[in-house]
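A short write-up of the structure that comes next.
The values are calculated or read from the model by the stated rules, or taken from the named source; none is laboratory data. These figures come from a predicted structure and were not determined experimentally. Methodologically, a virtual Cβ is constructed for each residue, glycine included, from the backbone with ideal geometry; neighbour enumeration extends over all protein chains shown. The area values use the complete protein model at the heavy-atom level, side chains included, leaving out ligands, DNA and RNA. Shrake-Rupley method; radii C 1.70, N 1.55, O 1.52, S 1.80 Å.
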Amino acid sequence: MSATRLAAADVHPARAVVDLAAIRHNVRTLARTAPTAEVMAVVKSDAYGHGLLPVATAALDAGAGSLGVAQLAEALDLRAGLDAAGRHPRILTWLFAPGAPLEQALLADLELSASAPWAVEELAAAARSTGRTARVHLKIDTGMSRGGARPEDFGELLDAAARAEAAGAVDVVGIWSHLACADEPDSSVTGEQLEVFGAALEQAAHAGIRPQVRHIAQSAGTLFHPAAHFDLVRPGIAVYGLSPNAQVASSVELDLRPAMRLEARLTVVKRAPAGTGVSYGHTARTGADTTLAVVPLGYADGMPRIASNAGPVSIAGRRLQVTGRICMDQFVVDLGARDTGVHEGDVAVIFSDGRDGEPLADDWAAVTGSINYEIVSRLGARVPRVYVDSEEQP
Ligand SMILES: Cc1ncc(COP(=O)(O)O)c(C=O)c1O
């Protein structure tokens, strides 16, 4: 952690406390769930807001065999950070446009995805100019209709890869895909996607391409669909202790521990008479003489403004909610009584692992019509991340 970050953590009235023991616990749970597969921990978008390097390191400590990120820039940062720490796992990255600095990617020993012949050709060119073989995962679109070659175009992608392999520029180390409806265990789409994936693997074998790893399962695929495990699983949200679908199974039911606790120290606590309008637009008005508390987190910190008058908060062990509109930097909570025993500096918990009835990221997702993924990954850069280890021996 940089000196600037430490200073921010000291002075900022809010913080996201990330328990690295929870990350390790979750990786172990995932490894147990998919015992025949390598766990590739997905740490894109600053590890879903939890912090790239601390999470990556904890995941590796718990036995994750590799790491996945979406963007090339994230992969380069991850490689540099881990190299500095003396660690060198497999890193897969999958989002880049034509003309990306692939030489840099190969020099950083990254593995890259290719969904179309142009990507194989650019990777082969980068291999020729760097003298490094490009390690490639060919992506088949089995039904997500996002990345990957459609089944009718997969043959062309295989041909391009086979030519580049024969020229010694490319090594196809993986064939992969992504499930669209794995978080709905009863959906027939997953079975259909697995059939298309199986056919693509056979087609690759006929073309003489034998990857080391075949992979299709994100968290929901890992937790709900054993047939999707193959050689490697790519969980993201479950690494952070959150369920891919809390309606199907909660974190507790899945033996996952939410790793992030978002909390803030109250900056103002004051009495207000009945009928007082609160925050912009006076969308809330106190019903009785009461006490108002100001929480120093706003939409610039990632608090969804749509959670105005709805987001759950725990203060002094009481479950309360946002009163009035969420502003850019702060929001108000009506404590509901004149004598609350709550003071400036006391801690409001926005979400945590749910212990003692505190809200979960799942609860914020429910009141915003969103998903827990968005709640944690949108947390603003100015909120300091502070790392603890609840299993560390004193
Ligand atoms: C290609 C890919 N694999 C794996 C994941 C991890 O997904 P999840 O967080 O649902 O486990 C993602 C995230 O969206 C992804 O885009």
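Numbers at a glance
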| item | result |
| --- | --- |
| Among SER115, SER145, SER251, residue whose mean-square fluctuation peaks in a GNM of the chain (springs only between Cα atoms under 10 Å) | SER145 |
| Highest-first arrangement of 279-285, 120-126, where packing means the average Cβ count within 10 Å | 120-126, 279-285 |
| Mean Cβ neighbour count within 10 Å, used as a protection proxy, ranking 100-111, 82-93, 173-184 highest first | 173-184, 100-111, 82-93 |
| Helix-only CD estimate at 222 nm, as mean residue ellipticity for the chain, using -39500 (n - 2.57) per DSSP H run (n ≥ 4) | -9500 deg cm²/dmol |
| Heavy-atom accessible surface of the chain: percent carbon and sulfur, 1.4 Å | 50 |
| Relative contact order computed over the chain (Cα-Cα under 8 Å; 6+ residues apart), in percent | 18 |
| Per-peptide average of other Cβ atoms within 10 Å, ordering 13-25, 153-165 highest first | 13-25, 153-165 |
| Potential lengthening between GLN71 and VAL268 on full extension [0.36 nm per residue; Cα-Cα distance subtracted] | 66.9 nm |
| C-alpha long axis of helix 117-130 to longest principal axis of the chain, angle in ° | 80 |
| Residue-normalised accessible area of the chain, given per residue in Å² at a 1.4 Å probe | 42 |
| Label-point separation, ARG210 to ASP83 (7 Å along Cα→Cβ), nm | 3.2 |
